[in-house]
Every structure is written in structure tokens, then in C-alpha cells.
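Student: Structure incoming, see below.
Derivation of every value follows stated rules applied to the coordinates shown; laboratory data play no part. Please read these numbers as outputs of a predicted model, since none were measured by experiment. When we count neighbours, we look across all protein chains shown, and the Cβ atoms used for this are built from the backbone with ideal geometry, even at glycine.
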């Protein structure tokens with residue numbers, strides 16, 4: 001893939017209201033469960049942070 005093949009940021013108008021279904025498997029050994037919890041590293045917060053970097057905006061997961 002060449003640099004610049006995808007826009008750095010998608011337009012906000014395009015992303016408003018977008019919902020995507022994802023199947024995810026993980027080894028939760030190093031995490032304190034799925035759901036976000038204060039002061040603990042969880043799978044949900046790590047996945048939200050990673051997807052937020054890709055989308056260039058905050059992402060919330062609903063299970």
C-alpha cells in the first residue's frame with residue numbers, strides 16, 4: 001500500500017451515526033475483563049482507543 005492511499009481523516013459528516021459490527025477474539029490474561037473499570041486495564045478500553053486512532057475521533061463500543 002502506498003502512503004496517502006487513504007485519507008488521514010474521514011469527514012465528520014460521513015462518520016456521524018456509523019455503526020459497524022465486529023467479531024473479536026482475544027486472550028484476556030493481561031486484562032481485568034471486558035468492561036471498562038476505573039483504574040484497571042480492560043479489553044474494551046484498549047479496543048476503543050485503537051479504533052479511535054483509526055477513526056481519528058472517539059469511539060464507543062456497545063455490546
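Student: Need one number: nm distance between label points at residue 48 and residue 30, each 7 Å from Cα along Cα→Cβ, rounded to one decimal.
Tutor: Result: 2.0 nm between the two label points.
Student: Among 18, 46, rank each residue by its count of other Cβ atoms within 10 Å, from fewest to most, as a rough exposure measure.
Tutor: Ranking 18, 46 by Cβ neighbours within 10 Å, fewest first, gives 18, 46.
Student: Further, regarding this structure: Please arrange 60, 39 by how many other C-beta atoms lie within 10 Å of their C-beta, fewest to most.
Tutor: Taking fewest neighbouring Cβ atoms as first place, the list is 39, 60.
Student: What's the exposure ranking of 59, 43, 54, going from fewest to most Cβ atoms within 10 Å?
Tutor: Fewest-to-most Cβ neighbours within 10 Å comes out as 54, 59, 43.
Student: I've got another one for you. In nm, what is the difference between 0.36 nm times the number of residues separating residue 19 and residue 61 and their Cα-Cα distance?
Tutor: 14.1 nm
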